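Trainee: Sharing a structure with you now.
The values are calculated or read from the model by the stated rules, or taken from the named source; none is laboratory data. Since the structure is predicted, the reported quantities are computational estimates derived from the model, not experimental observations. Virtual Cβ from ideal backbone geometry, glycine too; neighbours counted across all protein chains shown.
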Amino acid sequence: MIHSMTGYGKSVVQLPTKKITIELKSLNSKNLDLNARMPSIYREKELLLRKAIAKELVRGKIDFSIYVETTAEDTSTKINTPVVKQYMKQLQEVTEGDAIELLKMAVRFPDALNTEREEIDETEWKIIQTEIDGAIEQIKKYRLDEGEVLEQDFKNRVTTIDALLEDVILMDPDRIEGVRERLRKGIEDLREKHDENRFEQELVYYIEKFDITEEKVRLKNHLNYFVEALNSKDSNGKKLGFIGQEMGREINTIGSKSNYAPMQQLVVQMKDELEKIKEQLLNVL
C-alpha cells in the first residue's frame, strides 16, 4: 500500500481567551523539508514538534503553522504609566501643548510600553498538542487516500505495458523471420554465389544480436516486482522508482534491438506509459 506525499490537515480549537488554528500542508520532495511557523510563545516546543512530525510524515515539503487569534481582553503589552507621565512633564517644560497631543508623543518614546514575556500554560499546551496530533492524523489519511488513487493508476499502466509486451512476444517470430529474409535478399541482390553454411553462421550471429529473449523475461519480472512492491505493507516511492528505471532499461533495449517498425511502435507506447508512471512516482512517499 502506497502513500502520496501530497496532503493537508487542519484543526481548530477554541480556548477561553484565544482561538488556535493548526495547519499542515505537504507536497512532494526527495527528502524531509519542514518549515514551521508559530508564535514566539510556542518556540520552545518547536524541536519536539519537528521530531514528531518527521516521525509520522517521513518525507515531503511540509509547512506546519500555528495561528493564534485573541478572542478576549488578554494582552501582554502594558502602558508604563510612570515613564509616560515623566515624558509628558518634560514635554510641557519644552512647549505648551494639548495634553492629548503630548500623550501621543510620549507613548512613542522608548520604554513607554512594557511587553511581558508570556509563559506557556502546560494545561493549555496539552489541548493544543492533542489538536496537532489530530491534524497529523488528518494529513496521513489524506496521503493514504491519494495513495490509493495513485496505486490504481500504476496498476492500470503496468497492465497496459504487460499487454504490449505480450504483443511483442507474439510478434517476435515474424520479426526474426523478417530479419532472415532481408539478409537473404541482400545476398541475392549482390548476385554473388555464397556458401550456404557460412550464410547460416552469419545469420545465427545477426539473429543473436537482435535476440530480445532476455529483455522480455527481465521486463516481465520487473513488472511483477513493481506490482508486488505496490501491494507490500510499506510505502516506498524510492524503491518503486528504482524498479521503474530497470523497466525503462529493458524497454529501451528491446526498442534498440527490434529493428522492426511494428515492434518499435509497441515500444513507443510502452515508453509513454512508463513516463507517466515515473511522473507520478515523484509523489509517492
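Trainee: For the stretch 229-267, name all the residues that are within 27 Å of the chain's Cα centre (by Cα), of a type outside the set (Gly, Ala, Ser) and either under 29 Å from Leu170 (Cβ atoms) or not assigned by TED's automatic domain parsing to the domain that holds Glu208 (or both).
Mentor: Matches in the stretch 229-267: Leu230, Asn231, Leu240, Ile243, Gln245, Glu246, Met247, Arg249, Glu250, Ile251, Asn252.
Trainee: Scan the stretch 24-51 and report the pairs whose first residue is more than 28 Å from Lys238 (Cβ to Cβ) and whose second residue is modelled with pLDDT under 95 and surrounded by fewer than 11 Cβ atoms within 10 Å (Cβ to Cβ), with Cβ atoms within less than 8 Å and a gap of 6+ or a chain change.
Mentor: Listed by first residue and then by second, the contacts come to Ile41/Glu119.
Trainee: Does Ile79 satisfy being on the phi < 0 side of the Ramachandran plot and crowded, with 16+ Cβ neighbours inside 10 Å?
Mentor: no
Trainee: Which pairs have Cβ atoms under 7 Å, sit 6 or more apart or on different chains, and link a residue in the stretch 265-285 that is farther than 26 Å from Val58 by Cα to one that is assigned to a helix (DSSP H, G or I) and polar (S, T, N, Q)?
Mentor: Every condition considered, the pairs that remain are Val267/Ser258; Glu273/Thr160.
Trainee: Please list, ordered by first then second residue, the pairs with beta carbon atoms under 7 Å, 6 or more apart or interchain, first in the stretch 218-233 and at negative phi, second of a type in the set (A, V, I, L, M, F, W, C) and assigned to a loop (DSSP other than H, G, I, E, B).
Mentor: Leu230/Ile2; Lys233/Met1
Table: residues versus (1) among the hydrophobic types (A, V, I, L, M, F, W, C); (2) under 22 Å from Leu144 (Cα atoms).
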site	(1), (2)
Glu246	no, no
Asn252	no, no
Leu274	yes, no
Asn283	no, yes
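Trainee: Follow-up. Suppose we keep only residues that are among the β-branched types (Val, Ile, Thr) and within 27 Å of Arg182 (Cα to Cα) within the stretch 232-276. Which one would you say is surrounded by the fewest Cβ atoms within 10 Å (Cβ to Cβ)? Before you say what the answer is, go through the steps one by one.
Mentor: The initial filter retains those residues of the stretch 232-276 that are among the β-branched types (Val, Ile, Thr), namely 243, 251, 253-254, 267-268.
Next, from what is left, pick out any that are within 27 Å of Arg182 (Cα to Cα): 251, 253-254, 267-268.
Values: Ile251: 24, Thr253: 16, Ile254: 22, Val267: 21, Val268: 12.
Looking at the filtered set, the residue picked out is Val268.
Trainee: Can you name the residue in the stretch 140-165 that is out of contact with any helix residue (DSSP H, G or I) (no Cβ under 7 Å at 6 or more places or on another chain) and surrounded by 15 or more Cβ atoms within 10 Å (Cβ to Cβ) and is also farthest from Lys19 (Cα to Cα) among such residues? Break it down stepwise before answering.
Mentor: Quick first cut of the stretch 140-165, residues out of contact with any helix residue (DSSP H, G or I) (no Cβ under 7 Å at 6 or more places or on another chain) only: 141-149, 152, 156, 159, 163.
Applying the additional criterion that residues be surrounded by 15 or more Cβ atoms within 10 Å (Cβ to Cβ) yields 142-144, 146-147.
Values: Tyr142: 24, Arg143: 27, Leu144: 29, Glu146: 30, Gly147: 33 Å.
My answer is Gly147.
Trainee: Restricting attention to the stretch 1-39, report how many residues are β-branched (Val, Ile, Thr) and within 30 Å of Phe226 (Cβ to Cβ).
Mentor: Within the stretch 1-39, the first condition is being β-branched (Val, Ile, Thr), and the residues that meet it are 2, 6, 12-13, 17, 20-22.
From what's left, within 30 Å of Phe226 (Cβ to Cβ): 2, 6.
Of the residues in that region, 2 qualify.
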